[in-house]
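The block underneath contains the structure these notes are about, expressed in structure tokens.
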Amino acid sequence: MTVTVERAPQADTVRRLLAGGFVSAAVLAVLVASAFTAQEAVPGIAIPGPLVEYGLPVLRVLLDLAAVAVVGLSLLPKLLGFDDPERTEPVMRRARPMAVAFAWAWAVLALVVIVFQTAELNPGLIPTPGMIVEYVNSVGAGQGMLFSAACALSYAGIGLLAVRFGEKVPAELRIVIAFFGLLPIPVTGHAVSSVWHDPIMISMELHVMGAAAWTGGLVVITLLVARDRELLARVLPGFSKMATLALIVVGLSGVVNGLATMLLTPGVELPGALLTGEYGPLLVAKAACVALLVPLAAHIRFRLLSRIAERQATTVIAWATAEITVMGVAYGVAVALTTASLS
Amino acid sequence: MRRLLTVLLLACAVLFGAVAPAQAHNILIGSDPKDGAQLATGPDKITLTFDQPVRQGFAQISVTGPDGTRWENGKTTVDNHKVSVGVNPLGPAGEYIVGYRILSSDGHPVASKTAFTLTTPGTGTASQPAPGLSSAGPQAQAQAPGLGAQAAEAAQNGGAGMAVLWIVGSILLLGCATVVALRRTKERESA
């Protein structure tokens, strides 16, 4: 292996900090948000135990993070380009097995989520295979998860081919399959019944894909590319453009979807409902996360990017780590938002 | 990149056809008796009305009396937008809480409660003494064989049963391949 990736002594610490910050921010946020939306006890009705009540959202957010990692790792060859394999190949050689491992995690988590969703519907019972089959047959959320798991598995298969044959396996194919696996996830969330249903679903899909590309791309660049100044200088300007587009798409679609969902729900009054109930405050929290991302992203884009382009040392890793941690919080809140009660 | 976007949009379009799109979250828009109603005689039936059709199965209504006793009678039935359950003649005066949990049409369980007050004591006796949660046991056992039979039927018809088989098969195959491939990469790196 050619030594093109300079290994600073504290490189592993930084990597651990970043990944740890991302995952723990997401898990903490989802736990807090789930406690906030916790089902109040209804006399005479069995509700799921704490294992399901808190376990399901945690699994859901871990699934999202695994999917984000897969999307980011799939976009990496596109960002790196194919002109200078001498320099990019060592990075890709580390990225490809990681993509397969995360696709695995995604698939397994999706299947476990199906089991937990079945348990959520049948409080007090341990799900049997029969109950799970019944759940998948009758509930769209189950079918969506199964489809997502199938996509993740096929990604793992194609990712293995890529591990073996390198970039002869088209990067586009992997990107499409990864995004395809993301598509059914919003189908399992809220929706409204009105003529606006389809536009809202499409904008929701854009939201999910934009968020995954933005977060995944940033995580992967920071973890695998950022220490190689030469490579970073080539990758970051392109990614920065994509991230700007993603920021606009994610922010707009998120706010429009959230407000439209509330507007179209009978008995919900805007703007009062933004601060009361469950859905409104979570929506505000998520919008606040995106608003917090703007200055962080802007600092990298307008202050650091020109110096990165000149191959100078910068504090980009620290700023990106902060950005990624906020993104983790947003993912955690997002999972709670999908099941929060509107009224 | 433009080609990629086209492919993704096409993929979206295909998916909308393939996966049943989520329907909305059900919201309780009315109940009989109304929330907070004052009644001199107990109702013989509780009906909850939602803003859209409720899914069959999984629906459950309970009626809990002032001292924690249970008063619902028979199974909860779902008829399109309405979910109802029979009620025994009520006993002591006081607040009766109607708890419910239904499977919303978007696949989320939705649970909440309404309440009414009985002003004149009735003559009835509770269908179950307090506490009520033990009801999950026998009901669950009654449900299980039905589900098992349905599952067997589904497996015979293909459906999710076959999907599970395919997924387990591909998991095994891919798992072995992953282990082999990762081991080889490691060998190549250390060599």
Of the residues that make up the range A:40-51, is at least one assigned to a helix (DSSP H, G or I), in contact (Cβ under 8 Å) with a residue 24 or more places away in the chain and of a type in the set (A, V, I, L, M, F, W, C)? no
Within the range B:82-98, considering residues that are crowded, with 23+ Cβ neighbours inside 10 Å and free of Cβ contacts under 8 Å to residues at least 60 places away in the same chain, the one nearest to B:G124 (Cα to Cα): B:L90
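Could you grab me the full set of residues in the range A:288-343 that are acidic (D, E) and surrounded by fewer than 16 Cβ atoms within 10 Å (Cβ to Cβ)? First the steps, then the outcome.
Initially, the range A:288-343 is screened for residues acidic (D, E), giving A:310, A:323.
Hit for the range A:288-343 is A:E310, nothing else.
Please indicate, with yes or no, whether at least one residue in the range B:181-188 is at pLDDT 50 or above and either among the aliphatic types (A, V, I, L, M) or within 22 Å of the chain's Cα centre (by Cα) (or both). Please lay out each step first, then the result.
Within the range B:181-188, the first condition is being at pLDDT 50 or above, and the residues that meet it are B:181-188.
So of that shortlist, the ones also either among the aliphatic types (A, V, I, L, M) or within 22 Å of the chain's Cα centre (by Cα) (or both) come out as B:181-182.
Among the residues of the range B:181-188, at least one is at pLDDT 50 or above and either among the aliphatic types (A, V, I, L, M) or within 22 Å of the chain's Cα centre (by Cα) (or both), which makes the answer yes.
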Somewhere in the range A:257-280, is a residue among the hydrophobic types (A, V, I, L, M, F, W, C) and either crowded, with 23+ Cβ neighbours inside 10 Å or under 28 Å from A:L18 (Cα atoms) (or both)? no
Go through (1) in contact with a strand residue (DSSP E or B) (Cβ under 9 Å, 6 or more places away or on another chain); (2) more than 10 Å from every other protein chain (Cβ to nearest Cβ) and name the single condition A:S138 misses. (2)
Determine if the range B:8-18 includes at least one residue that is modelled with pLDDT under 85, hydrophobic (A, V, I, L, M, F, W, C), farther than 28 Å from A:L337 by Cβ and not assigned by the TED database to the domain that holds B:G107. yes
Go through (1) buried (at least 23 other Cβ atoms within 10 Å of the Cβ); (2) under 19 Å from the mean Cα position of the chain (by Cα); (3) within 30 Å of B:R101 (Cβ to Cβ) and name the single condition A:F102 misses. (3)
Any residue at all in the range A:102-118 that's touching a helix residue (DSSP H, G or I) at 6+ places or on another chain (Cβ under 9 Å), facing chain B (nearest Cβ under 7 Å) and not aromatic (F, W, Y)? no
Look at A:G72 and say whether it is more than 9 Å from every other protein chain (Cβ to nearest Cβ) and assigned to a helix (DSSP H, G or I). yes
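So if I check each of A:L121, A:L109, which one is over 24 Å from B:L174 (Cβ atoms) and out of contact with any Ser or Thr (no Cβ under 8 Å at 6 or more places or on another chain)? Step through it out loud before you land on a result.
On the way: A:L109 fails: over 24 Å from B:L174 (Cβ atoms).
Only one candidate passes the filter, namely A:L121.
Given the options A:A162, A:A171, name the one that is more than 27 Å from A:V326 (Cβ to Cβ), at pLDDT below 90 and touching a Lys or Arg at 6+ places or on another chain (Cβ under 8 Å). Please lay out each step first, then the result.
On the way: A:A162 fails: at pLDDT below 90.
None of the others qualify; the one that does is A:A171.
Let's see how each residue does on (1) more than 11 Å from chain B (Cβ to nearest Cβ); (2) touching a helix residue (DSSP H, G or I) at 6+ places or on another chain (Cβ under 6 Å):
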| site | (1), (2) |
| --- | --- |
| A:G159 | no, yes |
| A:A162 | no, yes |
| A:F179 | no, yes |
| A:L182 | no, yes |
| A:D198 | no, no |
| A:W214 | yes, yes |
| A:V249 | yes, yes |
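The values are calculated or read from the model by the stated rules, or taken from the named source; none is laboratory data. Since this is a predicted model, take the numbers as computed values, not measurements. Because the Cβ atoms are built from the backbone with ideal geometry, glycine has one as well, and the counts that use them run over all protein chains shown.
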